[in-house]
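Below is one structure, written out as structure tokens; comments come after it.
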Amino acid sequence: MKRSKNKALSTVSTIISGVIVISSASYGGKIITYINGGFRYGYRLFPLIIFLTISFIFIQEMNIRMAKITGKSFADLIREWYGAKPAFFAMIMVLISSIFLTISSFGASLIGVELMGVNKYIAILIISISIWLMITKRYYESAQNIFFLLSIIFIMYIISAIDVNNSSKVMIKSVQNIDFWQSDYIYYSLSIIGASIPTYMMFHLQSYLVQEDLSFKEYGEQKIGIYIGILIMFLISLLIMIVGIESFQRGGEIAISNKNLGVIFIKAFGKYAKYIFGMGILSFTTITLALIPLAGTLAICDAFALENGFEKSCKEAPLFYIIFTFILVISGIFVLLNQSSLINLIILAQALASMIVPVILIYMIIITNNSEIMGKEVNKPIQNIVVWFTVISIVVFFIALMIYKIMAMF
């Protein structure tokens, strides 16, 4: 988004650009996970989402601070301060996470097009070509703004369709009946974590801020926009969860799947609902299907000082386009070959992606506590407490889930 010469308009445009950038964390896989979460668990996931929202605010503040103080990308800092081997390990984790989250987004995009009655094989071909052109022809920023506007229409429909008074009563009953240590709840919580703290956003936001070459004042304005964006994401998460609850109550279905999702939406929200939800999911998903492999590829290129292809041709930056294409193609093929439920695939991919989150957060914590890098802008105690608690919680969830799985074998 171009900045205006008028100071007031410039401030507003900088804030809005922050909102748009952070809105990229609300992708199709997350929407499907939250709908299904509301359908299965009501508001029992709500305390987790509140904590993850708070944690995400702290994580992105650390991102903004690193960009402001160092003027370098997160991946570049890892290589520069901790050497080639730690950087190589971190980028392998980024590559794996990017593939998992791209699989999740492809799965969500297919659910979106199926809701609109489009063949998935034709759709995935069109989507993949569109994404390739979006990146190689550098239409990404324009496309991001367009899909952001489409997403607003989708959200407004959700608000108008929901019985808020009834949902508030369901919320109170659901939160009173939380069983944190039930195996399925832990597994689903990990999927929510993978969706709510996507690894690519830890690299994308900082790279974006560095490339924008902002003044200290503009960093403050971007921070306001990013915080507003995170708050909007939280409200969207709540609304999407209510969609799942309303769908269950009105649809009367025992289990939700991509096969009966359209029928459930029609019963719950009217005859046009499946098309509106399909377009909404697709609009969220298409931009992140470009962003996730793009952010992962940019991080890898930054870490190893490779040519950044976002502003260069395929001939000028061949490795950039090879990595980007690899993530996109391998993820698309995996989704097409998948024979199980797309919803189950999305949940599994995000649960696996959440394994990478603690690894990347540890790198971030170490860097933001290093006074040689950050000077006086090192983390405050509360920031360390919240982010370390996030890391430890994810590890504990995984250990608990593994124990449940092992016990189930005997």
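The values are calculated or read from the model by the stated rules, or taken from the named source; none is laboratory data. Worth saying up front: this structure is predicted, and the values here are computed from it rather than measured. Positions of Cβ are backbone-derived with ideal geometry, glycine not excepted, and every protein chain shown enters the neighbour counts. Keep in mind that these areas ignore ligands, DNA and RNA; they rest on the heavy atoms of the full protein, side chains included. Shrake-Rupley method; radii C 1.70, N 1.55, O 1.52, S 1.80 Å.
Things worth noting here:
- Whether region 320-375 is rounded, prolate or oblate, judged on the alpha carbon gyration tensor where a/c under 1.5 counts as rounded: oblate
- Environment charge of Val386, counting only residues whose C-beta is closer than 11 Å and scoring Lys/Arg +1, Asp/Glu -1: 0
- Where Phe398, Phe106 fall by accessible area, highest first, once all protein chains stay in place (1.4 Å): Phe398, Phe106
- Packing, taken as the mean count of other beta carbons within 10 Å per residue, orders the peptides 288-297, 41-50 from highest to lowest as 288-297, 41-50.
- Rh (Kirkwood; distinct C-alpha pairs) - region 280-335, Å: 11.8 Å
- Per-peptide packing, taken as the mean over residues of other Cβ atoms within 10 Å, places 230-240, 202-212 in the sequence 202-212, 230-240 from highest down.
- Entries of Lys72/Lys376; Lys72/Lys312; Lys72/Lys223; Lys72/Lys380; Lys85/Lys312; Lys30/Lys315 with Cα pairs more than 25 Å apart: Lys85/Lys312; Lys30/Lys315
- Tensor-based shape of region 278-379 (alpha-carbon gyration tensor, a/c under 1.5 rounded, otherwise prolate or oblate): oblate
- For region 38-112: rounded, prolate or oblate by the Cα gyration tensor [a/c cutoff 1.5]: oblate
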